[in-house]
Amino acid sequence: MISTDIRSLNYNELSEALEGYSLAKFRIGQIYSWLYEKGVLDFDEMTNLPKPLRENLKKDFTIKNCRIDVKQKSKIDGTVKYLYELDEGEYVECVVMKYKYGYSICISTQLGCKMGCKFCASAIGGFKRNLTASEMLSEIYTAMHDLDVRISHIVLMGTGEPLDNYVNVRRFLELVTDEKGLNISMRHISLSTCGIVPAIYKLADEKLGLTLSVSLHAPFDELRSRTMPVNDKWHIAELMEACKYYTEKTSRRISFEYAMISGVNDSRECAERLSELLKGMLCHVNLIPVNNVRENSFTKSNDKSIKSFMDILEKNGLTVTVRRTLGSDIDASCGQLRAKKL
């Protein structure tokens, strides 16, 4: 008999699943609090529940957890990178970063990735499966317990494409924002996509209030297809239409991520074309010095090229930032630690 994954249930579903237990309403509230507010790893930690009840819960349900396999901490800025083991042979990464406003965590949504972006380590080793909502939550709880901190911001930008795992990601968002759980504001959550166009429309219609980040990385179809195979399915024009729909529907600006790759997409022509592409949109551009990955030959643009690119965008009326590099002395970028392990 397969046990129910209890931490993927919302409050109403948990109540229904426990109907046969004939529990008082406050007991269900206690169980829910242990699961989602305190993030317990085991039913035995639910110390205000009678022992017979805890034993029955063990028989009927399971709590999915991560186990820390590797932990790296930056000596420069305190960024912490985790490689977690889920089931045997399954590894997933997350990164915890400290900012002035508190702690932010970058979590993974899939084991591996199907998208195959040429400059990213996430696709190395191929795609294995989607993560469940409870597994995504466990990335956060494990880090919080280990570091003894409160995490207030979430970025879905680790290994995997969140919008390719829409159902589980949507459930994760429901649970992590629940006021009876971690109660993290949707406005403190950012979701990054390489451009799954139908899912962007779907997300827009839900009007969740999160920040949408779109990995663009090139202003021409030919160049984007060369580095991002997803562009062969949905060209830039289709992606831009979906992004405009998102901003109009939600009144939320989009963050366009642009990895600066030396000699590939950092030319003056690219900057001018990108300015034309985004003109008039509710957006900002986040320039990202690309991470060096052993398995490819891409290198990051130098500071002069990034400054020149930024100046052109700003001259054309765009709001631009350059992503602060955190964890530069550890394997802090997506997929690097997992790729080494595999």
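The values are calculated or read from the model by the stated rules, or taken from the named source; none is laboratory data. What you are looking at is a predicted structure, and each value in this text was computed from that prediction instead of being measured. Glycine gets a Cβ as well: all are built from the backbone with ideal geometry, and neighbour counts include every protein chain shown.
Which members of the stretch 1-22 meet the condition of being of a type outside the set (Gly, Ala, Ser) and free of Cβ contacts under 8 Å to residues at least 24 places away in the same chain?
Once the filter is applied, which keeps residues that are of a type outside the set (Gly, Ala, Ser) and free of Cβ contacts under 8 Å to residues at least 24 places away in the same chain, the stretch 1-22 yields 1, 2, 9, 12, 13, 14, 16, 18, 19.
Of the numbered criteria (1) at pLDDT 95 or above; (2) in contact with a helix residue (DSSP H, G or I) (Cβ under 7 Å, 6 or more places away or on another chain); (3) surrounded by 15 or more Cβ atoms within 10 Å (Cβ to Cβ), the one residue 44 fails is (3).
For the stretch 131-150, taking the residues that are free of Cβ contacts under 8 Å to residues at least 60 places away in the same chain and crowded, with 21+ Cβ neighbours inside 10 Å, the one that is farthest from residue 105 (Cα to Cα) is identified as 131. Scanning the stretch 141-171 for residues that are assigned to a helix (DSSP H, G or I) and touching a strand residue (DSSP E or B) at 6+ places or on another chain (Cβ under 8 Å) yields 142, 143, 144, 146, 147, 162, 163, 164, 165, 168, 169.
Among the residues of the stretch 227-249, are any buried (at least 17 other Cβ atoms within 10 Å of the Cβ), farther than 17 Å from residue 156 by Cα and more than 23 Å from the chain's Cα centre (by Cα)? Looking through the stretch 227-249, none of the residues is buried (at least 17 other Cβ atoms within 10 Å of the Cβ), farther than 17 Å from residue 156 by Cα and more than 23 Å from the chain's Cα centre (by Cα). Scanning the stretch 216-224 for any residue that is touching a residue at least 24 places away in the same chain (Cβ under 8 Å) and among the basic types (Lys, Arg) turns up nothing. Here residue 265 meets the list (1) of a type outside the set (A, V, I, L, M, F, W, C); (2) surrounded by fewer than 20 Cβ atoms within 10 Å (Cβ to Cβ); (3) more than 23 Å from the chain's Cα centre (by Cα) almost entirely, failing just condition (2). Of the residues making up the stretch 69-122, those that are over 15 Å from residue 155 (Cβ atoms) and either of a type in the set (Asp, Glu) or free of Cβ contacts under 8 Å to residues at least 24 places away in the same chain (or both) number 9.
Residues in the stretch 151-180 that are closer than 18 Å to residue 198 by Cα, in contact (Cβ under 8 Å) with a residue 40 or more places away in the chain and out of contact with any helix residue (DSSP H, G or I) (no Cβ under 7 Å at 6 or more places or on another chain) were compared, and the one that is surrounded by the most Cβ atoms within 10 Å (Cβ to Cβ) is 160.
Checking each residue in the stretch 247-276 for being touching a strand residue (DSSP E or B) at 6+ places or on another chain (Cβ under 9 Å), part of a helix (DSSP H, G or I) and farther than 19 Å from residue 306 by Cβ picks out 247, 250. Looking across 206, 276, 248, 241, one residue alone is closer than 23 Å to residue 314 by Cβ, in the same structural domain as residue 320 (by TED's automatic domain parsing), among the charged types (D, E, K, R) and modelled with pLDDT of 95 or more. It is 276. Against the conditions (1) modelled with pLDDT of 95 or more; (2) closer than 21 Å to residue 222 by Cβ, residue 298 satisfies every one except (1).
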